[in-house]
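Worksheet for the structure shown next.
Any read-out appearing in this document is the output of simple, stated calculations on the displayed coordinates, not a laboratory observation. Not measured: the values here are computed from a predicted model. A quick note on method: Cβ atoms are made from the backbone with ideal geometry, for glycine too, and the neighbour counts reach across all protein chains shown.
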Amino acid sequence: MNLIKRLVLDVLKPHQPNIDILATELMNLEGVKGVKIKVEEIDEKTASVKITIQGENLDLKEIIEKLESLTCAVHSVDEVWSGDYQENVTRTLNY
């Protein structure tokens, strides 16, 4: 049984498709409830992006295949959350 609830992926993508198209395509996959894409770096032909996907019973293989069909390359899987694990995050602001 696949219990993945959150993935963080480091992805290299060409300038097209835009990140809004990537997000929409990923949202169409079964189990996906939310997608966040942050551009980390841009060069002449590509962009490095961090993609966070949340949902229920996420299928990593299906997600990677979808990204590859959109001419993206997954460099690494940086985080995987499964089961009932939740992270408590406390942010301190320094002024």
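A few points about this structure:
- In segment 1-39, the qualifying residues are those that are within 17 Å of Lys61 (Cα to Cα) and among the acidic types (Asp, Glu), and the one that is surrounded by the fewest Cβ atoms within 10 Å (Cβ to Cβ) is Glu30.
- Qualifying residues in segment 11-69 (those that are within 17 Å of Trp81 (Cβ to Cβ), part of a strand (DSSP E or B) and polar (S, T, N, Q)) - the one farthest from the chain's Cα centre (by Cα): Gln54
- Taking first residues from segment 44-61 that are surrounded by fewer than 15 Cβ atoms within 10 Å (Cβ to Cβ) and partners that are among the polar types (S, T, N, Q) and assigned to a loop (DSSP other than H, G, I, E, B), the Cβ contacts under 6 Å between residues at least 6 apart in sequence or on separate chains come to Asn57/Asn2.
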